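**Q** Below are the structure tokens for one structure; questions will follow.
All of the numbers you see were taken from the coordinates with simple rules; none came from a lab. The shown structure was predicted, so the numbers you read here are calculated from the model rather than taken from an experiment. Neighbour counts run over all protein chains shown; Cβ positions are idealised from the backbone, glycine included.
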Amino acid sequence: MTQSFLLYAPKLIFDFLLDVIYFLPWWYSKGLVSILKKTWNSIIEKENDLAIFVWIKNIHKPLVGDYNWQGIAKSILLRIGQIILRSAVLIFWIFFSIIKVLLYTILPILVIWQIFYQLYFIFF
């Protein structure tokens, strides 16, 4: 047991130090690209779920085949309301996604700053 520990300890320490050094470049390169792709796909999926463009495309068609002017007027008003509400939900989702990406980019900087801030008060 001690033989295997002494044999693999330098490799484990080297891998750990390499991971610590490579963390920030990975976070702001591959990690950020991954988060941006996932966020973009999330926004596209939310738009597909809300189907805003389907509501816009069919705005002039009556809902239940009622082709008199009252049915068309009710249909247009209902669809305009749906488009407004669904657009508000999509805007909120985009805003939430942007906040999430900004927090992802700021988090390591805040953590490192807090570590140095705490170490400063410990030693000085």
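**Q** For Ala51, what charge total do you get from the other residues with a beta carbon under 11 Å from its beta carbon, if Lys and Arg give +1 and Asp and Glu give -1?
**A** Computed value for this residue: +1.
**Q** What residue among Gln82, Val64, Leu7 has its Cα farthest toward the positive end of the dipole of region 2-123, where the charges are +1 on Lys, Arg and -1 on Asp, Glu, each on the Cβ?
**A** Comparing the listed Cα positions along the dipole, Val64 ranks first.
**Q** In debye, nearest 20, what is the charge dipole magnitude of region 1-63 about its Cα centre with +1 on Lys and Arg Cβ and -1 on Asp and Glu Cβ, if you could check?
**A** 260
**Q** Could you work out Rg/(2.2 N^0.38 Å) for the chain, with Rg from alpha carbons only?
**A** So the chain has a normalised radius of gyration of 1.95.
**Q** Tell me, in nm to one decimal, what length is gained between Val64 and Ile43 on full extension, where the rule is 0.36 nm per residue of separation less the Cα-Cα distance?
**A** Additional length available on full extension: 4.5 nm.
**Q** Still on this structure, I have one more. Under 18 Å from the Cα of Lys61, which lysines turn up, not counting those fewer than eight places away in the same chain?
**A** Leaving aside lysines fewer than 8 places away in the same chain, those within reach of Lys61 are Lys74.
**Q** Placing unit charges on C-beta atoms (Lys and Arg positive, Asp and Glu negative, everything else neutral), compute the dipole magnitude of region 1-106 about its Cα centre in debye, rounded to 20.
**A** 320
**Q** Hey, another quick one. Pairs to check: Lys57/Lys100; Lys38/Lys100; Lys37/Lys100. Give those whose C-alpha atoms are more than 21 Å from each other in this structure.
**A** Lys57/Lys100
**Q** I've got another one for you. Taking loop as defined by DSSP and a crowding limit of 13 other beta carbons within 10 Å, which chymotrypsin sites (Phe, Trp or Tyr not before Pro) in region 29-67 fit?
**A** Taking region 29-67 and a limit of 13 other Cβ atoms within 10 Å, the loop chymotrypsin sites (Phe, Trp or Tyr not before Pro) found are Tyr67.
**Q** Taking R0 as 41 Å, what FRET efficiency do you get between Ile91 and Tyr28 from their Cβ-Cβ distance, rounded to the nearest 0.05?
**A** Computed FRET efficiency for Ile91 and Tyr28 comes out at 0.90.
**Q** Taking the Cβ of Ile83 as the center, what net charge do the other residues with Cβ under 13 Å away carry, scoring Lys and Arg +1 and Asp and Glu -1?
**A** Values: positive: Lys57, Arg79, Arg86; negative: Glu47.
Charge balance near Ile83 sits at +2.
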